[in-house]
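The values are calculated or read from the model by the stated rules, or taken from the named source; none is laboratory data. Note that this is a predicted model, so its numbers are computed, not measured. Positions of Cβ are backbone-derived with ideal geometry, glycine not excepted, and every protein chain shown enters the neighbour counts. When the accessible area is computed, the model is the full protein with side chains, heavy atoms only, and any ligands, DNA or RNA have been set aside. Shrake-Rupley method; radii C 1.70, N 1.55, O 1.52, S 1.80 Å.
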Amino acid sequence: MMEQYQVKAAKGLQGVIDVPGDKSISHRAIMLSCLANEPVVIKNFLFSKNCLSTIECFRKLGIVISYSKDSGTVWVAGNGLNGLQEPDDILEAGNSGTTIKLMTGILACQDFFSVITGANDIRQQPVPQIIDPLTKMGAKLYCRAKNRKIPIAVLPVSQLRGADFITDVDSAQVKSTILLAGLYALGPTRVTELHRSRDHTERMLESFGVDIAVNGLTVTLYPPEKLIAPAEIFVPGDISSAAYWIVAASIIPNSCITLTNVGINSTRTGVIDVLRQMGARIEMKNQRFFGHEEVADITVSTAPLHSVVIQKEQISQLIDEIPVLVVAALFAEGTTCIDGVYELHVKDPDRLSTVAGELTKLGAKLIVNEDSFIIEGPQQLVYAVCDSRYDHRIAMAMAIAGLASKGTKIHEAECVQNAYPLFFNHLEKLSV
Ligand code: S3P
């Protein structure tokens, strides 16, 4: 696999691609299938390194999982809610923050000991956001740096208590960790968010027959006796992956592309709302449901973009798309402000400073404050070498910046394997 990738300026983007399966939904499909009693077939699964980490963790917990990358299919033979076995080694989440957090929610209520860890970067991320609520539910979790950083050691417990939480961060990972622990709790578990984060866990739990009530920003989970698996789960295409092409086709002249089977869950389409507000030409067709998730085919063509103001309340619906939206803003007329992005400082690595630093190498001028970006556009970028810092979203955003200007060479480009292994193949397929 390449360590660096040379991006050439594109004269336009043309063609049709099926973006890969959604990362968040792929993780959740594995997790719940492993806790169900009936076998589940998962189709259009995302075979990225991060999602494979979740599979490997469950294999170590005794679940039989097989897959065929060629057909995009995973077969899971779950053993029921109480069918996991004590692992005889440390569980490795690699670079996947979703694996670390959501798995801890499940491990927290088992009657066996386990330890979960991850790669360098995510070992630096603070985890009290999950440790504190799980401990309040009765879990016994210990980690380093005064209980702030992974690895996490999980002691056996016989039962958790349901509890009522009001989160002070907008994080689907935190909400989902609490809800998964709630599967095993005595009494209902309730989470109230400040702003709505992605709701794939709630939808996936519903499709496994769990009684979940959503009332505004509050989700209540009533612990089930068992999970009733759907025979098959079809994972929609990942809108976060589609976002790179939607931005690229908007800002590169002579472009018209179609992305098929893209998930358009309303907690994820913030990026489309913002780009449309900026003047992007985005058409959705063939809207339909895959289980509890809505999908569509999306056609995008070049359009003159103008600036936009993105407010704090919108961030949880487009958290992963900020790097590529910053690129869009560099090509848009006027001053774009993106507010409320402090959470990106605690991503792996500090995504706020990294995206600004790498774009600066290409000649971009942007103002980064503690909690916001200000970008004056349009700007002319130059060719330069940049570094992903092993963050796939930085690598892909830099590729789009280079594609739309004078090209770029990206170091540590292989990190796209974590989330979108076919990214550079698709780049070559669409570029003319
Ligand atoms: C995710 C939630 C988001 C997102 C991450 C995946 C999930 O993280 O950035 O890529 O699958 O729940 P936060 O919960 O930290 O916002």
Exercise. Quick one: is V247 more than 16 Å from the ligand (Cβ to nearest atom), assigned to a strand (DSSP E or B), crowded, with 24+ Cβ neighbours inside 10 Å and touching a residue at least 40 places away in the same chain (Cβ under 8 Å)?
Worked result: no
Exercise. Counting only residues that are at pLDDT 95 or above, within 16 Å of the ligand (Cβ to nearest atom) and more than 14 Å from the chain's Cα centre (by Cα), which one in the stretch 183-201 is nearest to G105 (Cα to Cα)?
Worked result: V191
Exercise. Does the stretch 3-19 contain any residue that is more than 16 Å from the ligand (Cβ to nearest atom), farther than 23 Å from A229 by Cβ, among the acidic types (D, E) and in contact with a Leu (Cβ under 9 Å, 6 or more places away or on another chain)?
Worked result: yes
Problem set entry | Residue count for the stretch 1-58, restricted to those that are within 22 Å of S71 (Cβ to Cβ), of a type in the set (K, R) and surrounded by fewer than 18 Cβ atoms within 10 Å (Cβ to Cβ) | 1
Exercise. Looking at S307, is it open to solvent by 10 Å² or more (accessible area, probe 1.4 Å) and more than 22 Å from the chain's Cα centre (by Cα)?
Worked result: yes
For this session: Please tell me if L227 is hydrophobic (A, V, I, L, M, F, W, C), within 13 Å of the ligand (Cβ to nearest atom) and in a loop (DSSP other than H, G, I, E, B).
Result: no
Exercise. What are the pairs, 6+ residues apart or on separate chains, where a residue within the stretch 120-133 that is among the aliphatic types (A, V, I, L, M) has its Cβ under 6 Å from a residue that is open to solvent by 20 Å² or more (accessible area, probe 1.4 Å) and part of a loop (DSSP other than H, G, I, E, B)?
Worked result: I122/D348
For this session: Kindly indicate the residue of the stretch 320-342 that is open to solvent by 10 Å² or more (accessible area, probe 1.4 Å) and out of contact with any helix residue (DSSP H, G or I) (no Cβ under 7 Å at 6 or more places or on another chain) and also nearest to the ligand (Cβ to nearest atom) among those meeting that condition.
Result: Y342
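Matching residues to (1) among the small types (G, A, S); (2) under 24 Å from T192 (Cβ atoms); (3) not assigned by TED's automatic domain parsing to the domain that holds S176:
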site: I90; (1), (2), (3): no, no, no
site: T98; (1), (2), (3): no, yes, no
site: M103; (1), (2), (3): no, yes, no
site: I106; (1), (2), (3): no, yes, no
site: C109; (1), (2), (3): no, yes, no
site: V115; (1), (2), (3): no, no, no
site: A119; (1), (2), (3): yes, no, no
site: R123; (1), (2), (3): no, no, no
site: P126; (1), (2), (3): no, yes, no
For this session: Report, ordered by the first and then the second residue, all pairs with beta carbons closer than 7 Å, sequence separation of six or more or different chains, a first member in the stretch 187-199 that is closer than 10 Å to V219 by Cα, and a second member that is basic (K, R) and within 12 Å of the ligand (Cβ to nearest atom).
Result: V191/K175; E193/K175
Seminar exercise, completed: If we ask which residues in the stretch 154-182 are charged (D, E, K, R) and modelled with pLDDT of 95 or more, their number turns out to be 3
Exercise. Quick one: which of A29, A77, A36 is within 16 Å of the ligand (Cβ to nearest atom) and small (G, A, S)?
Worked result: A29
Problem set entry | Breaking point among (1) touching a Leu at 6+ places or on another chain (Cβ under 9 Å); (2) part of a strand (DSSP E or B); (3) open to solvent by 60 Å² or more (accessible area, probe 1.4 Å), for K406 | (2)
Seminar exercise, completed: Filtering the stretch 274-296 for residues that are touching a residue at least 12 places away in the same chain (Cβ under 8 Å) and either of a type outside the set (G, A, S) or open to solvent by 60 Å² or more (accessible area, probe 1.4 Å) (or both) leaves a count of 16
Exercise. If you take the residues of the stretch 128-145 that are assigned to a helix (DSSP H, G or I) and either outside the structural domain of T54 (by TED's automatic domain parsing) or open to solvent by less than 10 Å² (accessible area, probe 1.4 Å) (or both), which of them is nearest to the ligand (Cβ to nearest atom)?
Worked result: I130
Exercise. Going through the stretch 343-359 one residue at a time, which ones are open to solvent by 50 Å² or more (accessible area, probe 1.4 Å) and basic (K, R)?
Worked result: K347
Problem set entry | Residue that is surrounded by the fewest Cβ atoms within 10 Å (Cβ to Cβ), among those in the stretch 159-182 that are among the aliphatic types (A, V, I, L, M) and within 13 Å of the ligand (Cβ to nearest atom) | V169
Problem set entry | Among (1) open to solvent by 50 Å² or more (accessible area, probe 1.4 Å); (2) within 21 Å of the chain's Cα centre (by Cα) - the single one G237 does not satisfy | (1)
